[in-house]
Amino acid sequence: MRAPHLLAALALLTVAAGCVPASDAPAKPAPSPFTDPGPPLPPPAAPPVRADFLLRGTPEQGAVMLGQAPGGTRTLTLDGQGVPLASDESFLIAFDRDAGPSALLVATLASGQRVERVLTVAAGSWRIEHINAPYRGSASSDAEFARRRPAELAQIAAARATPVESNGWRQKFRWPVTGRFSGFFGSQRVYQGKPGSYHSGTDVAVPAGTPFFAPADGVVTLAAAAPFTLEGNLLIVDHGMGLSSAFLHCQRLDVKVGDRVTQGQPLGLVGRTGRATGPHLHWGLKWRDARLDPGKLAGSMGN
């Protein structure tokens, strides 16, 4: 009888097929750090929020300070006047030649909380300079000066009021030309015996025709079509955040209104137009209505 033997053999094969030795079983794959990272990691800690101002510079008459406002600042004021904030909450403030002994910086946060900083403003030391040039500049008479000056001042005011987007204010400023200092910022001026206003910039004496260059990035907001009575051929470059440079007495201007200029770019030639006794470049800096000392931004000549 072969059937019983065949059934027994099939039973043995069935048992053998279901009893694979452990050494022949497929190994379980090891966890991969890419497909099986394990339990989730906790989220990274948020960076600490600035609770106070970060300021760089010295509060003194004629000087500029750069800073960052406390985190979450919505509005910023200096002595009650609004100060613009960049997207990273950085800002620029400055102090006029005649600024008072203190200033109040206030940040208002989104929560309504106020963060205040009282700044003690150091006084400057100013010279007296006697200048052998007529008070009215290139105007032939007091009457002509009175007639021409209002339109010139209106052009200057409009140029300074022009909104500009530029990051030049963040840069380390350079001297637009190097030479001998012939006039100092803040000095009380006396023109042929007649007292005038204080000197609003720094004069650098160089030969006529010497090129001068942009001290920082900016946008041209005024390039005089004809010499002004006092400033001569006048150029104004706005560096953003309300900070602007004025270049006076130029022989020639090589840029026009609306041009974007980069630090070190040639802007024109030094001359002696307007109220000037010799060829030189007058470099003036202004933040809003505050007259500033260019040396405070550019440092020593040649740096």
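The values are calculated or read from the model by the stated rules, or taken from the named source; none is laboratory data. Computed from a predicted model, the values in this text were never measured in an experiment. As a convention, Cβ positions derive from the backbone with ideal geometry for all residues, glycine included, and neighbour counts pool all protein chains shown. Heads up: the accessible areas ignore ligands, DNA and RNA and are worked out on the full protein's heavy atoms, side chains in. Shrake-Rupley method; radii C 1.70, N 1.55, O 1.52, S 1.80 Å.
What the table below lists for this structure:
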read-out: Nitroxide proxy distance, nm - points 7 Å out along Cα→Cβ at Arg74 and Gln188; value: 4.7 nm
read-out: Amide proton proximity set for Leu234, modelled H, under 5 Å, gap of 5+; value: Ala224, Phe228
read-out: List Lys286, Lys296, Lys172, ordered by accessible area with a 1.4 Å probe, largest first; value: Lys172, Lys296, Lys286
read-out: Where N is the number of residues in region 154-303, Cα Rg divided by 2.2 N^0.38 Å; value: 0.95
read-out: Other-chain or far-sequence residues with amide H under 5 Å of Asp52's (modelled H); value: Gly71
read-out: Mean separation of Cα contacts under 8 Å (6+ apart) over length of region 79-190, as relative contact order %; value: 27 percent
read-out: Stretch gain in nm, segment Asp254-Ala157, where the contour uses 0.36 nm per residue and the Cα spacing is subtracted; value: 32.7 nm
read-out: For region 96-155 and region 265-294, distance of Cα centres in Å; value: 15 Å
read-out: Distance violations [Cα-Cα > 26 Å] among Lys194/Lys256; Lys172/Lys194; Lys256/Lys286; value: Lys194/Lys256; Lys172/Lys194
